[in-house]
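Asks: Have a look at the structure that comes next, please.
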Amino acid sequence: MYDKEINKRRTFAIISHPDAGKTTLTEKFLLYGGAINLAGSVKGKATAKHAVSDWMEIEKERGISVTSSVLQFNYDNYCINILDTPGHQDFSEDTYRTLMAADSAVMVIDASKGVEAQTRKLFKVCVMRHIPIFTFINKMDRDANDTFDLLDDIENELGIATCPVNWPIGSGKGFKGVYDRNTKSVVTFSDTEKGTKEGHAEIIDIEDDAKLTEYIGDDAKQQLFDEIDLLDGAGAEFDQSLVDKGELSPVFFGSALTNFGVEIFLKYFLQMTTPPLSRQADVGLINPTEKEFSAFVFKIQANMNKAHRDRIAFMRICSGKFDAGMEVKHVQGGKVMRLSQPQQMMASSRHIVDEAYAGDIIGVFDPGIFSIGDTICMPSDKFQYEGIPTFAPEHFARVRQIDTMKRKQFVKGITQIAQEGAIQIFTELSTGMEEVIVGVVGVLQFEVLKYRLENEYNVEIKMENLPYEHIRWIENKDEIDVSKITGTSDMKRIQDIKGNPLLLFVNAWSVGMVLERNEGLKLAEFSKN
């Protein structure tokens, strides 16, 4: 019914370690799609422009991505949805959730650094979901590590086989271009002006010996031939079925800043990726083309527009077609409703949409009823998509507002920011919201929380760091009387925003000790609801 539109969709996330060039690559994609005319400078020093996908004030000040942006554009008869994720490890939880909404991932690696810590962490989430991973080795216009070493690094560190689709000729000042293994031709490196997509790259057939020698020289040519022989003899062959399972990563080389190799990568990527995939629900797999509209909430963002103090729930459409004004069911809330102000995003700019299809991401106005992981479907349907796990925070602080007269704004602000999933808030079982404990995956989140409460809710806070490092949800909470758990001296009983009981510990050994002392108690490192 909706096959043609759905089959045009490609929805992927871009992941990387900070500074690998992810945001620059995203912008170059948008240039090719005609979505923007001039790429911004991420740091904003040279041109006073900021990356189109970085919209929060603190992001502009620090030159880092704090939240995931959703960007849609058309290219070569495809409709492409890019989920741009924060690279900084302190915001990895936002990336985990975003990967739940993607059908594939593009991993950007700095050619001079190889696989870095954050890449490793994010990659594990991709493996957990068995989603196809494509690798773009960036910054070839700078001195790079040995190419075979880079591939070994990916294979050893991440445990995935690699198959180079093209191969670099030199790096840094000696970077001459890439050899396309499929067309058996060399695409010559052309340094393009930073903010444009213009640039002339010549294509030389590998058999055209004289022209090749003229352009890259005898030494580079001989090295290229030797490396191609080695690659053809020992490298993994391209196998689309292994790519689809997330077991083989096609590898591309280029320079996002100078815009070399980006369009080559985009064209191959679109050929190798699939349309939107079926999604797991409690009634089985939901096929995107055979079912009417359904979606799940993977992200909530408050105050995207300061003037309107609005709150947007981002939904990944999993099946069928969305029409503005249609009645849908919010499964967790048990209500039939119309989704208000449905819109699609280009970073901070947005436009109201009349229709959208499986694979698309839409943002809808949230009056405070949606939670991350909620399912939206047709009123006659009865199913829920798999929940999005809440990961255990690693840092904790007690948070209080300085001005006691601003209690209402404080509770509203901290609750809304928690509902976005950026932080987790906990309270002591007896005191309710009187005593608020904030848990975060990375300490920079505390800084963002303080900044946002001051700038968006006009509330100043003071934070007291707590010594806890380990948190456990009680899996069998209905069978256990939490107040009667025999604890250790460093254990604290708390509850999360949904009223689930948890235990906090200073030391890892205390977790084992509490399990030993309380027969039948089951503890979990993340919450499934």
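The values are calculated or read from the model by the stated rules, or taken from the named source; none is laboratory data. If you're wondering where the values come from, they're calculated on a predicted model, not measured in any experiment. Using ideal geometry, Cβ is built from the backbone for each residue, glycine included, and neighbour counts are taken over all protein chains shown. Ligands, DNA and RNA are excluded from the accessible area calculation, which covers all protein heavy atoms including side chains. Shrake-Rupley method; radii C 1.70, N 1.55, O 1.52, S 1.80 Å.
Asks: Does the stretch 448-466 hold any residues that are free of Cβ contacts under 8 Å to residues at least 60 places away in the same chain and either touching a helix residue (DSSP H, G or I) at 6+ places or on another chain (Cβ under 7 Å) or over 19 Å from Lys406 (Cβ atoms) (or both), and which are they?
Replies: Leu449, Leu453, Tyr457, Asn458, Val459, Glu460 - these are the residues of the stretch 448-466 that are free of Cβ contacts under 8 Å to residues at least 60 places away in the same chain and either touching a helix residue (DSSP H, G or I) at 6+ places or on another chain (Cβ under 7 Å) or over 19 Å from Lys406 (Cβ atoms) (or both).
Asks: Here's something else I'd like to know. Among the residues of the stretch 203-244, which ones are open to solvent by 100 Å² or more (accessible area, probe 1.4 Å) and of a type in the set (Val, Ile, Thr)?
Replies: Ile203
Asks: List every residue pair whose Cβ atoms sit under 8 Å apart, with the two residues 6 or more apart in sequence or on different chains, where the first one lies in the stretch 138-161 and is under 16 Å from Leu122 (Cβ atoms) and of a type outside the set (S, T, N, Q) and the second, anywhere, is open to solvent by 70 Å² or more (accessible area, probe 1.4 Å) and at pLDDT 90 or above.
Replies: Ile160/Glu247
Asks: Could you tell me how many of the residues in the stretch 118-146 are out of contact with any Ser or Thr (no Cβ under 7 Å at 6 or more places or on another chain) and either in a strand (DSSP E or B) or surrounded by fewer than 20 Cβ atoms within 10 Å (Cβ to Cβ) (or both)?
Replies: Adding up the residues that qualify gives 9.
Asks: In the stretch 480-529, what residues are open to solvent by 80 Å² or more (accessible area, probe 1.4 Å), within 30 Å of Phe298 (Cα to Cα) and acidic (Asp, Glu)?
Replies: Listed by number, the list holds a single entry, Glu525.
Asks: I'm checking my understanding of the structure. Among residues of the stretch 421-440 that are farther than 13 Å from Arg400 by Cβ, assigned to a loop (DSSP other than H, G, I, E, B) and open to solvent by 20 Å² or more (accessible area, probe 1.4 Å), which one is modelled with the lowest pLDDT?
Replies: Checking each candidate, the answer is Ser430.
Asks: In the stretch 488-506, which residues are in a loop (DSSP other than H, G, I, E, B), touching a Leu at 6+ places or on another chain (Cβ under 8 Å) and modelled with pLDDT of 90 or more?
Replies: Selection gives Met491 alone.
Asks: If you don't mind, there's one more thing I want to ask. Just checking, how many residues over the stretch 280-295 are among the aromatic types (Phe, Trp, Tyr) and at pLDDT below 95?
Replies: Result for the stretch 280-295: 0.
Asks: Based on this model, can you work out whether Lys450 counts as open to solvent by 60 Å² or more (accessible area, probe 1.4 Å) and of a type in the set (Lys, Arg)?
Replies: yes
Asks: Considering only residues that are outside any strand (DSSP E or B) and of a type outside the set (A, V, I, L, M), which ones fall in the stretch 1-15?
Replies: Of everything in the stretch 1-15, those that are outside any strand (DSSP E or B) and of a type outside the set (A, V, I, L, M) turn out to be Tyr2, Asp3, Lys4, Glu5, Asn7, Lys8.
Asks: Cβ-Cβ under 7 Å, sequence separation 6+ or interchain: first residue in the stretch 268-290 and under 16 Å from Ser241 (Cα atoms), partner assigned to a loop (DSSP other than H, G, I, E, B) and open to solvent by 40 Å² or more (accessible area, probe 1.4 Å). Which pairs?
Replies: So the pair list comes out as Leu270/Asp76.
Asks: Quick one: would you say Thr26 is under 30 Å from Glu355 (Cβ atoms), at pLDDT 80 or above, of a type in the set (Ser, Thr, Tyr) and not in a helix (DSSP H, G or I)?
Replies: no
Asks: Which numbered condition trips up Lys60, out of (1) at pLDDT 75 or above; (2) out of contact with any helix residue (DSSP H, G or I) (no Cβ under 7 Å at 6 or more places or on another chain); (3) among the basic types (Lys, Arg)?
Replies: Only one criterion in (1) at pLDDT 75 or above; (2) out of contact with any helix residue (DSSP H, G or I) (no Cβ under 7 Å at 6 or more places or on another chain); (3) among the basic types (Lys, Arg) is unmet by Lys60, namely (1).
Asks: Might you check whether a residue that is crowded, with 18+ Cβ neighbours inside 10 Å and more than 25 Å from Ala13 (Cα to Cα) occurs anywhere in the stretch 151-168?
Replies: Within the stretch 151-168 (the criterion being crowded, with 18+ Cβ neighbours inside 10 Å and more than 25 Å from Ala13 (Cα to Cα)), the answer is no, since none of the residues qualifies.
Asks: Residue by residue through the stretch 487-522, note down the ones that are in contact with a Lys or Arg (Cβ under 9 Å, 6 or more places away or on another chain) and among the polar types (S, T, N, Q).
Replies: Thr488, Asn500, Asn518
Asks: Kindly provide the set of residues from the stretch 370-402 that are under 24 Å from the mean Cα position of the chain (by Cα) and β-branched (Val, Ile, Thr), ordered by number.
Replies: Ile372, Thr375, Ile376, Ile388, Thr390
Asks: Moving to a separate point now. Being in contact with a strand residue (DSSP E or B) (Cβ under 9 Å, 6 or more places away or on another chain), of a type outside the set (Phe, Trp, Tyr) and without any contact (Cβ under 8 Å) to a residue 60 or more places away in the chain is the filter here; which residues of the stretch 215-238 pass it?
Replies: Correct list: Ile216, Ala220, Lys221, Gln223, Leu224.
Asks: Now for a different question. For Gln409, are the conditions met, namely being closer than 20 Å to Arg452 by Cβ and either touching a Lys or Arg at 6+ places or on another chain (Cβ under 7 Å) or among the acidic types (Asp, Glu) (or both)?
Replies: No, not satisfied.
Asks: Shifting gears a bit: Would you tally the residues in the stretch 73-121 being basic (Lys, Arg) and at pLDDT below 75?
Replies: Qualifying residue count, the stretch 73-121: 2.
Asks: Separate question: All but one of (1) under 30 Å from Ile402 (Cβ atoms); (2) in a helix (DSSP H, G or I) hold for Trp509; which doesn't?
Replies: (1)
Asks: Also: Filter the stretch 177-192 for residues that are at pLDDT below 90 and in a loop (DSSP other than H, G, I, E, B) and give the result.
Replies: Listed by number, the residues that qualify are Phe189, Ser190, Asp191, Thr192.
Asks: Tell me yes or no: at least one residue of the stretch 375-390 is surrounded by 21 or more Cβ atoms within 10 Å (Cβ to Cβ), touching a Gly at 6+ places or on another chain (Cβ under 6 Å) and at negative phi.
Replies: Yes - at least one qualifying residue is present in the stretch 375-390.
Asks: Go through the stretch 267-286 and report how many residues are open to solvent by less than 50 Å² (accessible area, probe 1.4 Å) and within 25 Å of Tyr2 (Cβ to Cβ).
Replies: Going through the stretch 267-286 one residue at a time, the tally reaches 11.
Asks: Within the stretch 391-409, track down each residue that is buried (at least 20 other Cβ atoms within 10 Å of the Cβ) and either among the hydrophobic types (A, V, I, L, M, F, W, C) or within 27 Å of Ile474 (Cα to Cα) (or both).
Replies: Within the stretch 391-409, Pro393, Phe396, Ala397, Val399 meet the criteria.
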